[in-house]
Amino acid sequence: MEVINNDLNLIEEELKRFVETKAGVKGLVDSGLVKLPITFIQPPQLLSKYSSSSRNTVPVIDFDGSSFADKRKQIVDELSQASEAWGVFLLINHGVPADVIEDALQGVKMFHEQSPEVKNADGNFFTSAQLKLAPV
C-alpha cells in the first residue's frame with residue numbers, strides 16, 4: 001500500500017493532536033482506545049528492509065566489562081542502529097546494580113500512573129517532539 005499525500009496529512013494531524021494532549025501512550029490506553037492510531041503503524045515497505053530474523057530478536061548490546069573508552073565507537077554505533085531500527089534494545093554487562101534498576105522502573109511506573117494533569121502540572125511534560133540529539 002502506497003502512502004498518498006492525504007494519508008501523510010492525516011498522520012501529521014493525528015501526531016500533532018497526540019503530542020498536544022501530553023497524555024502519552026498511557027493516555028491512549030486510559031481513553032479506551034480500541035484501534036491503534038495510524039501514527040504508530042509503520043508502512044510495510046519500511047519494515048521490509050529488515051530481515052525476518054532481525055524482526056524477531058531485540059538487539060543486545062554487551063558492555064562486556066571492558067572500558068567504555070575502548071569500545072565507545074562500537075557501542076555508540078550499536079545503540080544508534082538499535083534505536084533507529086527498533087526503538088528499544090537490551091544492555092547487558094553494564095554494571096548497574098539490580099536494586100537501582102528496580103527503583104528506576106518503579107519511578108517510571110509511578111510517573112505513568114499519574115493523571116495527565118498531575119504529570120503536566122508544571123508545564124514541563126516531556127514529549128518526543130522535544131527531542132534534540134546531542135552530537136556523539
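The values are calculated or read from the model by the stated rules, or taken from the named source; none is laboratory data. Small disclaimer: the values here were computed from a predicted structure and weren't measured. When we count neighbours, we look across all protein chains shown, and the Cβ atoms used for this are built from the backbone with ideal geometry, even at glycine. Accessible surface areas use protein heavy atoms only, side chains included; no ligands, DNA or RNA. Shrake-Rupley method; radii C 1.70, N 1.55, O 1.52, S 1.80 Å.
Filtering the stretch 97-110 down to residues that are open to solvent by 70 Å² or more (accessible area, probe 1.4 Å) and of a type in the set (A, V, I, L, M, F, W, C), which residue is farthest from Ser31 (Cα to Cα)?
For the stretch 97-110, the residue satisfying everything is Ala98.
From the list Ile75, Ile92, exactly one residue is touching a helix residue (DSSP H, G or I) at 6+ places or on another chain (Cβ under 8 Å) and farther than 30 Å from Ser31 by Cβ. Which is it?
Checking each option against the conditions leaves just Ile75.
Of all residues in the stretch 74-83, how many are modelled with pLDDT under 90 and open to solvent by 70 Å² or more (accessible area, probe 1.4 Å)?
Residues flagged as modelled with pLDDT under 90 and open to solvent by 70 Å² or more (accessible area, probe 1.4 Å) within the stretch 74-83 amount to 1.
Residues that are at pLDDT below 75, under 25 Å from Arg17 (Cβ atoms) and of a type in the set (Ser, Thr, Tyr): does the stretch 113-128 have at least one?
Yes: the stretch 113-128 contains one or more residues that are at pLDDT below 75, under 25 Å from Arg17 (Cβ atoms) and of a type in the set (Ser, Thr, Tyr).
In the stretch 42-73, which residues are at pLDDT below 75 and of a type in the set (A, V, I, L, M)? Don't jump to the end; show me each part of the working.
Within the stretch 42-73, the subset at pLDDT below 75 is 42-56, 65-69.
The answer is Leu46, Leu47, Ala69.
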